[in-house]
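Enquirer: Once you've had a glance at the structure underneath, I'll fire off some questions.
The values are calculated or read from the model by the stated rules, or taken from the named source; none is laboratory data. Computed from a predicted model, the values in this text were never measured in an experiment. Here Cβ is always computed from backbone atoms with ideal geometry, including for glycine, and neighbour counts include all displayed protein chains.
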Amino acid sequence: MFDSHCHLDFLANSPVNLDAAVAAYRERCDYHSAQHDHSSSMLLIPGVAPEQWPIAAALAARLNCCYSVGLHPWWLDVAPKKRQSQMLAFRHWLDEHSQDKLCRAVGECGLDGTRKIALSEQLPVLEQQLLAAQESRLAVVLHCVKAHAQLQSQLKSLSVPWVIHGFYGSLQLAEQYLSLSTQSYLGIGTMLLRSGNNKLERVVQDIPLSRLVLETDEPRAVKGELNIPWYKAQWAVAQRVADLKQCPITDVIKQSNCNAELLFARLI
Ligand SMILES: [Zn+2]
């Protein structure tokens, strides 16, 4: 099963010490194989800041999976001068690596209305990343908290595929996003496993499977917030989606894999 958003790089210490991340990945592959899912090797590791990109890239090369590069809003709470150097590093990385066949997207980037840094300061950083994605013909992995109207106005003119990762809003919000582009997806993750999440359950029931991708997000967060280990998390999410849609889990796996492959296909 394709994990469309997994910060496996957070388990590695450096680009040359990937052992803990590789061990976690193997554990996940073994678990999926035991469930007769032999498509578990694919995942996208979203790079969130310049110091993480080399780790994400090294890990993707070691595991033969894909990665992306972006500036996540949580990593923008720095002095304006440092932010400028982050943007320069981003442009430089894309110039150097946009032909790397494992580099499949820009992101994780987006807007977060709960951070100290104002949205007005986050917006130009996002705009530049969207522009770069457009020029490089790469998909975009988006993070959005309490800034949906502002993000939607940015996405209207984007002609590359994109995903709202970790979606947990209402059905109306889901429909608004998906109406902006036929190449847009919602990333459904472990939020679905929390009890009483009626809004998200409704989204999963009503939005066609062809617009959903599955994810686990961060291994450490899964371990901390849910009573299941990360390597079992995506299977549990897929099972919940299958229950809500009243279809076999094999259909969920097949379709969501196909969507993630389309989303992260190289466009040039
Ligand atoms: Zn993330």
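Enquirer: From the list Cys66, Cys6, exactly one residue is over 16 Å from Ala233 (Cα atoms) and surrounded by 21 or more Cβ atoms within 10 Å (Cβ to Cβ). Which is it? Even if it seems obvious, please write down each step before you answer.
Expert: Values: Cys6 fails: over 16 Å from Ala233 (Cα atoms).
Answer to the selection: Cys66.
Enquirer: Could you go through the stretch 226-237 and let me know if any residue there is of a type in the set (S, T, N, Q) and at positive phi.
Expert: Restricting attention to the stretch 226-237, the residues satisfying the condition of being of a type in the set (S, T, N, Q) are 227, 234.
So of that shortlist, the ones also at positive phi come out as none.
No, because not a single residue in the stretch 226-237 is of a type in the set (S, T, N, Q) and at positive phi.
Enquirer: Considering the stretch 136-162 alone, what residues qualify as being in a helix (DSSP H, G or I) and modelled with pLDDT of 95 or more? Before you say what the answer is, go through the steps one by one.
Expert: From the stretch 136-162, those in a helix (DSSP H, G or I) are 136, 148-155; that's our starting set.
Residues satisfying the conditions are His148, Ala149, Gln150, Leu151, Gln152, Ser153, Gln154, Leu155.
Enquirer: Of the residues that sit in the stretch 163-192 and are part of a strand (DSSP E or B) and without any contact (Cβ under 8 Å) to a residue 40 or more places away in the chain, which one is surrounded by the most Cβ atoms within 10 Å (Cβ to Cβ)?
Expert: Restricting attention to the stretch 163-192, the residues satisfying the condition of being part of a strand (DSSP E or B) are 163-164, 184-188.
Imposing the further condition that a residue be without any contact (Cβ under 8 Å) to a residue 40 or more places away in the chain reduces the set to 164, 184, 186.
On the way: Ile164: 25, Ser184: 19, Leu186: 23.
Once the filter is applied, the top-ranked residue is Ile164.
Enquirer: Still on this structure, please answer the following. With a cut-off of at least 3 residues that are out of contact with any Asp or Glu (no Cβ under 6 Å at 6 or more places or on another chain) and free of Cβ contacts under 8 Å to residues at least 12 places away in the same chain, name the strands (runs of 3 or more DSSP E) lying wholly within the stretch 27-121. Give the derivation first.
Expert: Working: elements: 44-47, 66-69, 103-112.
Because the criterion is at least 3 residues that are out of contact with any Asp or Glu (no Cβ under 6 Å at 6 or more places or on another chain) and free of Cβ contacts under 8 Å to residues at least 12 places away in the same chain, no strands (runs of 3 or more DSSP E) in the stretch 27-121 meet it.
Enquirer: Follow-up question, since we're still on this one. Looking only at the stretch 1-18, how many residues end up being over 17 Å from the mean Cα position of the chain (by Cα), away from the ligand (no atom under 16 Å from the Cβ) and either at pLDDT 95 or above or assigned to a loop (DSSP other than H, G, I, E, B) (or both)?
Expert: Taking the stretch 1-18 as the starting set, the residues that turn out to be over 17 Å from the mean Cα position of the chain (by Cα) are 12-18.
Now restrict to residues that are away from the ligand (no atom under 16 Å from the Cβ): 13-18.
Going one step further and asking which of them are either at pLDDT 95 or above or assigned to a loop (DSSP other than H, G, I, E, B) (or both), we end up with 13, 15-16, 18.
Residues that pass the stated criteria total 4.
Enquirer: Just one of (1) within 16 Å of the ligand (Cβ to nearest atom); (2) at negative phi trips up Ser157, so point out which.
Expert: (1)
Enquirer: Determine whether Val106 is in contact with a helix residue (DSSP H, G or I) (Cβ under 7 Å, 6 or more places away or on another chain), at negative phi and within 16 Å of the ligand (Cβ to nearest atom).
Expert: Details: in contact with a helix residue (DSSP H, G or I) (Cβ under 7 Å, 6 or more places away or on another chain): yes; at negative phi: yes; within 16 Å of the ligand (Cβ to nearest atom): yes.
For Val106, the condition - in contact with a helix residue (DSSP H, G or I) (Cβ under 7 Å, 6 or more places away or on another chain), at negative phi and within 16 Å of the ligand (Cβ to nearest atom) - is met.
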